[in-house]
Amino acid sequence: MNNLLKTTFLNRDFPSPLVLPAGIMGVSASSMEYISRSGCGAVTTKSLSLSPRKGHPGPVTEPVTGGLLNAMGLCNPGIKEGLEEAIAYKGDAGLIISLFATNAKEFAELAKQTDESAKTDKMQKALIELNLSCPNVLDEFGTPLAASSVEVTRIIKAVKASTTLPVIAKLSPNVTDIIPIAKAAEEAGADALCLINTLGPGLAIDIETVKPILSNKYGGLSGACVKPIALRLVHLVSQAVSIPIIGMGGVTTWEDAVEMIMAGADMVGIGTAVMDEGMEIYQKVNAGMVEYMEAKKITSINNIPRLEN
Ligand code: RRO
């Protein structure tokens with residue numbers, strides 16, 4: 001990997017600022033190692049819950065113009081198996097363990113188990129992501145926790161008391177005002193923020209059967225069409241907090257990645273575009289960023305200029 005791309009985030013060194021977001025791949029050590037070899041700087045597991053979850057029945061994804069609807073329904077093998085795979089992971093890319101729960105007590109338990117696993121050599125450098133923002137389990141669990149500053153505060157405080165690993169809070173774009181929520185996360189002790197989770201949720205209709213296409217009826221919207229909203233929210237939040245940000249939402253090209261950094265992101269997630277373009281996208285975006293930095297004589301990701309107010 002080119003030295004220009006090396007970056008430090010939450011006291012960990014990463015070979016590239018590009019991140020595989022939660023939910024794009026599963027949690028198996030071998031698939032995460034494959035992503036690591038593809039030029040990704042950090043890989044995030046599927047969000048792990050205390051018990052395994054099957055997720056929603058198919059169809060769980062539907063392409064729409066400029067993007068993708070998904071309602072996977074939080075399918076994951078559960079924290080125990082997820083952590084076993086994380087311990088077995090041997091890639092160079094950093095590892096972000098994404099956790100999902102419905103209340104502070106469960107989140108704290110997940111964080112405690114992750115912390116225990118991190119005492120093994122292999123996982124010492126892992127980071128924790130709290131998925132506070134899944135839009136696809138509204139029937140089961142109600143409004144995402146990231147809609148409430150009170151819930152966000154309670155969860156982050158409980159998690160911080162249960163682990164010494166850095167904690168990243170993944171926020172929802174589906175709120176009236178994200179700033180008080182981002183500030184609440186920072187004040188409660190979050191070490192970084194990740195935004196945005198998918199928008200909506202949205203609806204796609206089969207015009208022959210006059211039925212929703214997704215079995216869950218509604219699904220979160222991601223892909224190129226959400227990029228302007230992601231950029232705006234990353235920019236707004238970066239002006240309001242001092243903790244670093246993993247920015248994601250619609251990033252497809254190296255130009256998009258540079259734009260996301262200019263908006264205020266320290267690392268950049270590429271998720272939906274991987275589904276269209278394959279893992280080669282990371283090398284392609286890395287190469288484009290290097291060429292841009294060389295042409296502009298920029299010697300570090302941190303020196304890419306940021307949009308001011
Ligand atoms: O699994 C999902 O349906 C899902 C999750 Br957990 C999430 O955080 N965001 C999303 O779009 N889908």
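Here is a yes/no grid of residues against (1) within 16 Å of the ligand (Cβ to nearest atom); (2) not polar (S, T, N, Q):
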position	(1), (2)
ILE229	yes, yes
GLN239	no, no
ILE245	no, yes
VAL258	no, yes
ASP266	no, yes
ILE301	no, yes
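May I ask you to verify whether THR164 is more than 20 Å from CYS75 (Cα to Cα), surrounded by fewer than 19 Cβ atoms within 10 Å (Cβ to Cβ), of a type in the set (S, T, N, Q) and modelled with pLDDT of 95 or more? Considered against the rule, which asks whether it is more than 20 Å from CYS75 (Cα to Cα), surrounded by fewer than 19 Cβ atoms within 10 Å (Cβ to Cβ), of a type in the set (S, T, N, Q) and modelled with pLDDT of 95 or more, THR164 comes out as yes. Against the definition (away from the ligand (no atom under 16 Å from the Cβ), charged (D, E, K, R), surrounded by fewer than 24 Cβ atoms within 10 Å (Cβ to Cβ) and farther than 27 Å from LEU138 by Cα), how does GLU84 come out, yes or no? Yes; evaluated as a whole, the condition is true for this residue. Residue count for the stretch 267-309 under the criterion of being under 19 Å from GLN239 (Cα atoms) and not in a helix (DSSP H, G or I): the result is 8. Taking the stated definitions as given, is GLU129 in contact (Cβ under 8 Å) with a residue 24 or more places away in the chain and under 19 Å from ILE24 (Cα atoms)? Answer is yes for this residue. You will find that of GLY39, GLY58, GLY26, GLY67, the residue that is surrounded by fewer than 24 Cβ atoms within 10 Å (Cβ to Cβ), small (Gly, Ala, Ser), within 13 Å of the ligand (Cβ to nearest atom) and over 22 Å from SER172 (Cα atoms) is GLY58 and no other. Number of residues in the stretch 127-159 that are under 20 Å from PHE9 (Cβ atoms) and surrounded by fewer than 19 Cβ atoms within 10 Å (Cβ to Cβ) equals 0. Is it true that some residue in the stretch 140-159 is acidic (Asp, Glu), within 14 Å of the ligand (Cβ to nearest atom) and modelled with pLDDT of 95 or more? No; the residues of the stretch 140-159 include none that is acidic (Asp, Glu), within 14 Å of the ligand (Cβ to nearest atom) and modelled with pLDDT of 95 or more.
Kindly establish whether ASP177 is away from the ligand (no atom under 15 Å from the Cβ), closer than 20 Å to VAL268 by Cβ and of a type outside the set (Gly, Ala, Ser). Taking the combined requirement at face value, the residue does not satisfy it. Hey, can you tell me all the residues within the stretch 43-55 that are small (Gly, Ala, Ser) and either surrounded by 16 or more Cβ atoms within 10 Å (Cβ to Cβ) or touching a Phe, Trp or Tyr at 6+ places or on another chain (Cβ under 9 Å) (or both)? Selection gives SER47, SER49, GLY55. Pairing residues of the stretch 82-106 that are over 16 Å from SER162 (Cα atoms) with residues that are among the aromatic types (Phe, Trp, Tyr) and in a helix (DSSP H, G or I), at Cβ distances under 6 Å and at least 6 apart in sequence or on separate chains, gives THR102/PHE141.
Checking GLU106, GLU116 one by one, the residue that is over 24 Å from GLY271 (Cα atoms) and within 16 Å of the ligand (Cβ to nearest atom) is GLU106 and no other. For the stretch 204-261, the set of residues classified as surrounded by 16 or more Cβ atoms within 10 Å (Cβ to Cβ) and part of a strand (DSSP E or B) consists of PRO212, TYR218, GLY219, GLY220, LEU221, SER222, ILE245, ILE246, GLY247, MET248, listed by residue number.
The values are calculated or read from the model by the stated rules, or taken from the named source; none is laboratory data. Given the structure is predicted, the values throughout are model-derived calculations rather than measurements. Neighbour counts are summed over all protein chains in view; Cβ atoms, including those assigned to glycine, are modelled from backbone coordinates with ideal geometry.
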